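Here's the structure we're looking at; comments come further down.
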Amino acid sequence: MKHPQIILVTGASSGFGRVIATQLAAQGHIVYGSSRKAVSDNPGFTMLQLDITDPASVSNAISTILKEQGSIDVLVNNAGMGISGAIELTTEEEIQRQMNTNFTGAVRMCAAVLPFMREAGHGRIINISSIAGVLAVPFQAFYSASKFAIEGYSEALYQEVKPLGIQVCVVEPGDFQTGFTAQRQVSQTTLSHPQYEESFAKAMQNVELSENNGCRPEKLGKAICKLVNSRRPTFRTKVGPWEQVFFARIKPMLPFSLVDWLIRKFY
């Protein structure tokens, strides 16, 4: 690292975000973390109240950083949430909440920092996707859809801003031990549906078991630090349990019938 970077990490009050921000700050970077609700403690980096679903909140937070530091070198789009349930039983409000947080919120953050990165002639955006953004997960369809959207958006953004000196990366975590599991919003309607309840309960039991036995979040933090500090970061990084990373890598080479069988076997 030649000099400290000014970095904003969204969703930094817990989980991935807190670990990422802590590790980056420990390396000497000037780190701002954000949370939808005000956080009173001082975790070793500056916390800002920022609701990525609220344009005014986004604008205020970006203005604060620019006023204090004069630039934003790196944006880590980490904030997100999950909703589980059968597709047909998911309400429009739940769909909008899922997409507005995981996809539109990330897009809103990119739009807020890009003008300043363009003016500076450099910058780096790291969008946190998911293995579920390349492997659709049953009973988490709209979470997967939001991450598939991040994948396509990031590819297009990479092409558009590369000539302007701005680098874009997308990171695809597998299962990790974080508070995300306990915070996932579970459809009670699906749990009580006579034709979905058994398969839904079994699928979510397997998901939660895999997450609770997944990798430590520090592993993802190290991957993000590498992307921040690298002169030429890779566009796409998969990180997590080796079998999930391996499956995600070979999926494009496998027939759909085999992919379907393997996913059904797991869930």
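Ignoring ligands, DNA and RNA, what percent of the 1.4 Å accessible area of the chain is carbon and sulfur? Show your work: numbers first, answer last.
Working: 7100 of 13300 Å².
Carbon and sulfur atoms account for 53 percent of the accessible area of the chain.
Spin-label pair Leu164-Thr104: with each label point 7 Å from Cα along the Cα-Cβ axis, the two points sit 2.2 nm from one another. Charge dipole (Cα centre; +1 on Lys/Arg Cβ, -1 on Asp/Glu Cβ; no other charges) of the chain amounts to roughly 1000 debye.
How would Ile87, Ile65, Ile30 rank on accessible area, largest to smallest, probe 1.4 Å?
Details: Ile87 105, Ile65 0, Ile30 65 Å².
Ranking Ile87, Ile65, Ile30 by accessible area, largest first, yields Ile87, Ile30, Ile65.
Met204: accessible area at probe 1.4 Å, nearest 10 Å²? Taking all protein chains as shown, Met204 has close to 10 Å².
What is the distance in Å between the Cα centres of the stretch 194-254 and the stretch 72-92? The two parts, judged by their Cα centres, are 15 Å apart. Rg and Dmax over the alpha-carbon atoms of the stretch 6-266 stand at 18.3, 57 Å.
For the cross-link pairs Lys67/Lys162; Lys147/Lys202; Lys37/Lys251, the ones whose C-alpha atoms lie over 31 Å apart are Lys37/Lys251.
Stokes-Einstein diffusion coefficient for the stretch 132-267 at 37 °C in a medium of 0.692 mPa s, Rh from the Kirkwood formula over Cα pairs: what value in µm²/s? It would help to have the intermediate numbers written out before the result.
Working: Rh = 16.7 Å.
After rounding, the answer is 196 µm²/s.
Principal axis extents of the C-alpha atoms in the stretch 23-147 (largest first, rounded to whole Å): 47, 34, 29. Restricting the calculation to Cα atoms, every distinct pair contributes to the Kirkwood radius of the stretch 91-147, found to be 12.7 Å.
The values are calculated or read from the model by the stated rules, or taken from the named source; none is laboratory data. Keep in mind that what you see is a predicted model, and the values were worked out from it rather than measured. Cβ sites come from the backbone with ideal geometry, for glycine too, and all protein chains shown count toward neighbours. For accessibility, only protein heavy atoms count, side chains too; no ligands or nucleic acids. Shrake-Rupley method; radii C 1.70, N 1.55, O 1.52, S 1.80 Å.
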